Structures are given as C-alpha cells and as structure tokens.
Amino acid sequence: MATPTIKSANAEQEASLTGVLTLAFMNDPVSRWFWPNPLDYLTNYPLMVKCFGGNAALKHNSAYYLEDWSGAAIWLPPGVEIDAEGVLAVLQSSLSQKKLEQGLAVMEQIASYHPKEPHWYLAIIGADPSCQGRGSGSALMRHALEACDRDKKFAYLESSNPRNLSFYLRHGFDLAGAIHVGDFPPVFPMVREPR
C-alpha cells in the first residue's frame with residue numbers, strides 16, 4: 001500500500017477541511033450530545049471546527065489533510081490557543097442553559113489537564129466515514145508526531161469517544177484522566193511525551 005500524501009491546508013481549502021471533519025464527527029458522542037438534531041449539528045459543528053482550532057491551524061500551516069480528502073487533522077503549535085470566545089459564542093447561541101453549563105464545566109476541567117510544558121495540541125482528527133479503516137488517521141497522526149519527536153515537544157489531546165482510546169494508545173498517548181459532568185459524555189485527556 002502506497003504511503004498517502006499529506007499536505008497542509010490553506011485558507012482556500014477551509015471548506016474542504018471543515019467538510020471532512022464535520023462528516024468524521026457526525027457520530028461523535030460529545031458533538032451529538034451538543035446537537036442531537038441533524039440540522040443543528042450541520043449548522044453548528046462547522047463553526048466549532050473553525051473556532052476550535054481550524055482558523056489558527058490554517059494560519060500556522062498545521063491543518064493537515066490527506067490528498068484525497070479522506071481525512072484531516074487540526075494541530076495547534078505550542079503557545080497557540082483555540083478561539084475560546086468563538087467557541088463560547090457558538091455554544092451560547094445553540095445550546096440550552098443546562099447543556100451550556102455542563103459543557104462549560106467540562107471545558108474548565110479540561111483546561112487543568114493541558115501539559116505545563118510547551119506542547120502540540122491535537123484539536124480535531126477524523127476520517128470521512130466512507131474511508132474509515134483505511135489508515136487515514138494513522139497516517140495523519142504519524143505525520144504530526146514525527147515533528148513532535150524531532151522538536152522534543154509533548155502532544156496533547158482530548159478524546160471525545162471512548163472507542164478511539166486504543167487508537168491513541170497505539171500512537172504513544174497515555175490516558176491522563178476522565179472527565180464526566182452530569183449526562184455529558186465522558187472526555188479523556190491524553191498526553192504523549194516526545195520519543
């Protein structure tokens with residue numbers, strides 16, 4: 001099997017980047033807890049992709065995609081943050097007060113798990129469901145982790161789906177904890193030391 005070609009997305013490819021990640025997360029427990037109604041999900045999740053690192057990754061050349069758009073990943077370099085105000089605005093405009101409070105409580109706990117050391121943050125990674133199981137995620141993960149190891153930087157992520165934990169463990173991440181608030185699905189912070 002040929003090694004897939006991975007590229008950095010630019011601003012003109014934002015719609016394709018957002019599209020593949022929206023497809024990838026359509027069955028994600030956290031995303032669908034926020035927006036169980038399909039129209040609400042399709043309206044709000046693309047906005048979250050932009051705020052939850054998409055815009056910043058495009059500026060820093062750290063939004064990666066497979067050449068055939070079967071998968072994509074948004075990584076934020078050390079010192080670069082998600083657009084917290086944008087995330088909050090999307091959540092406030094689209095959630096009930098109860099869901100908003102639970103979501104904010106989870107986000108507050110998540111913040112305590114971020115490594116103190118400079119680190120790369122994997123905000124989002126996913127494959128088009130029609131292409132899952134073909135190694136897209138592994139190729140994208142290896143691509144970014146090579147840079148983490150070369151530069152001796154930690155990598156950090158939060159898994160929003162317990163089914164994906166084994167994938168991250170295979171790529172050298174360690175489980176740092178589990179966050180569960182009310183009926184919000186569990187979230188799993190994970191850290192990887194450089195190799």
Margin query: Scan segment 107-126 and tell me whether some residue there is β-branched (Val, Ile, Thr), surrounded by 18 or more Cβ atoms within 10 Å (Cβ to Cβ) and assigned to a helix (DSSP H, G or I).
Written below: no
Of the residues in segment 140-168, those that are assigned to a helix (DSSP H, G or I), of a type in the set (A, V, I, L, M, F, W, C) and either within 16 Å of the chain's Cα centre (by Cα) or within 20 Å of Thr18 (Cα to Cα) (or both) number 6
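Looking at Ala127, is it within 15 Å of the chain's Cα centre (by Cα) and closer than 24 Å to Thr22 by Cα? So that I can check it myself, show each step before the final result.
On the way: within 15 Å of the chain's Cα centre (by Cα): yes; closer than 24 Å to Thr22 by Cα: yes.
So Ala127 fits the description; yes.
With Gly86, Gly103, Gly177, Gly137 as the choices, which residue is on the phi > 0 side of the Ramachandran plot and of a type outside the set (Phe, Trp, Tyr)?
Details: Gly86 fails: on the phi > 0 side of the Ramachandran plot; Gly103 fails: on the phi > 0 side of the Ramachandran plot; Gly137 fails: on the phi > 0 side of the Ramachandran plot.
Checking each option against the conditions leaves just Gly177.
Just name the residue that is surrounded by the most Cβ atoms within 10 Å (Cβ to Cβ) out of those in segment 77-100 that are among the hydrophobic types (A, V, I, L, M, F, W, C) and assigned to a helix (DSSP H, G or I). Explain how you work it out, then say what you get.
As a first pass, look at segment 77-100 and keep what is among the hydrophobic types (A, V, I, L, M, F, W, C): 80, 82, 84, 87-91, 95, 100.
Within this subset, residues satisfying the condition of being assigned to a helix (DSSP H, G or I) are 84, 87-91, 100.
Working: Ala84: 12, Val87: 19, Leu88: 15, Ala89: 13, Val90: 21, Leu91: 19, Leu100: 16.
Per the criteria, the residue is Val90.
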Selection from segment 51-65 of residues in contact with a Leu (Cβ under 9 Å, 6 or more places away or on another chain) and over 13 Å from Glu12 (Cα atoms) yields Cys51, Gly53, Ala56, Ala57, His60, Ser62, Tyr64, Tyr65
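From the list Gly103, Gly137, Gly133, Gly172, which residue is outside any strand (DSSP E or B), without any contact (Cβ under 8 Å) to a residue 60 or more places away in the chain and under 19 Å from Met26 (Cβ atoms)?
Details: Gly103 fails: without any contact (Cβ under 8 Å) to a residue 60 or more places away in the chain; Gly137 fails: without any contact (Cβ under 8 Å) to a residue 60 or more places away in the chain; Gly172 fails: under 19 Å from Met26 (Cβ atoms).
On inspection, the qualifying residue turns out to be Gly133.
Can you work out which of the residues in segment 2-21 that are among the polar types (S, T, N, Q) and assigned to a loop (DSSP other than H, G, I, E, B) is surrounded by the fewest Cβ atoms within 10 Å (Cβ to Cβ)?
The initial filter retains those residues of segment 2-21 that are among the polar types (S, T, N, Q), namely 3, 5, 8, 10, 13, 16, 18.
Now drop any that are not assigned to a loop (DSSP other than H, G, I, E, B), which leaves 3, 5, 10.
On the way: Thr3: 8, Thr5: 10, Asn10: 11.
Once the filter is applied, the top-ranked residue is Thr3.
Step by step: first the residues of segment 175-186, then only those that are among the hydrophobic types (A, V, I, L, M, F, W, C) and without any contact (Cβ under 8 Å) to a residue 60 or more places away in the chain, then the one that is nearest to Ala144 (Cα to Cα). Which residue is that? Don't jump to the end; show me each part of the working.
Step one: of segment 175-186, the residues among the hydrophobic types (A, V, I, L, M, F, W, C) are 175-176, 178-179, 181, 184.
Right, trim to without any contact (Cβ under 8 Å) to a residue 60 or more places away in the chain and you get 175, 178.
Values: Leu175: 19, Ala178: 24 Å.
It comes out as Leu175.
The numbers here are math on the coordinates, done by the rules we state, and not lab data. As the structure is a prediction and not an experimental result, all values here were calculated from the model. Every residue, glycine among them, receives a Cβ derived from its backbone with ideal geometry; neighbour counts consider all protein chains shown.
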